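Have a look at the structure below, then the notes.
The values are calculated or read from the model by the stated rules, or taken from the named source; none is laboratory data. If you're wondering where the values come from, they're calculated on a predicted model, not measured in any experiment. As a convention, Cβ positions derive from the backbone with ideal geometry for all residues, glycine included, and neighbour counts pool all protein chains shown. Accessible surface is based on the protein model in full, side chains and every heavy atom, while ligands, DNA and RNA are left aside. Shrake-Rupley method; radii C 1.70, N 1.55, O 1.52, S 1.80 Å.
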Amino acid sequence: MPRSSNAAEPSSRVEREAFAGEILGAAVSVRAAPGLAVPFEGTIVDETLSTFVIRRPGRSRLLRVPKSGLEGTIALPAGELPLRGDFLRVRPEDRTKRLLALGPRRFR
């Protein structure tokens, strides 16, 4: 089955390498998230297949944000990069293989 083109994928090698690394602890600014009051900022403290858990400044309660439909920016050591949750909807432990191999099947 041919791989469909996805406009949400990181466009440069630098972006792919940055997202393939650790993103926990990174500052995030969310401008679009279905069902949530936006915009807001915070720090990513946990990640699952389909959610990010974000700690917002001045709040004691953590916010679980679905990756589906999420848009914003994330501050990584490589710089501030666009965050598109639909593309990152993958198990955190598989993200490195998927991003550096440019697809789900190339790492076999």
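Here L36 fulfils each of the conditions (1) under 13 Å from I23 (Cα atoms); (2) open to solvent by 40 Å² or more (accessible area, probe 1.4 Å); (3) without any contact (Cβ under 8 Å) to a residue 40 or more places away in the chain apart from (1). Name the residues in segment 70-83 that are in a strand (DSSP E or B) and farther than 13 Å from S29 by Cβ, would you? The one that is in a strand (DSSP E or B) and farther than 13 Å from S29 by Cβ: G79. Scanning segment 67-81 for residues that are in contact with a Ser or Thr (Cβ under 6 Å, 6 or more places away or on another chain) and open to solvent by less than 50 Å² (accessible area, probe 1.4 Å), we see that the one that is modelled with the lowest pLDDT is K67.
In segment 11-20 there is at least one residue matching the filter, namely being at pLDDT below 90, among the acidic types (D, E) and open to solvent by less than 30 Å² (accessible area, probe 1.4 Å). Could you list all residues from segment 46-65 that are assigned to a strand (DSSP E or B) and open to solvent by 50 Å² or more (accessible area, probe 1.4 Å)? Result: D46, R55, R64. Taking first residues from segment 87-98 that are more than 13 Å from A18 (Cα to Cα) and in contact (Cβ under 8 Å) with a residue 24 or more places away in the chain and partners that are in a helix (DSSP H, G or I) and open to solvent by less than 30 Å² (accessible area, probe 1.4 Å), no Cβ contact under 8 Å between residues at least 6 apart in sequence or on separate chains turns up.
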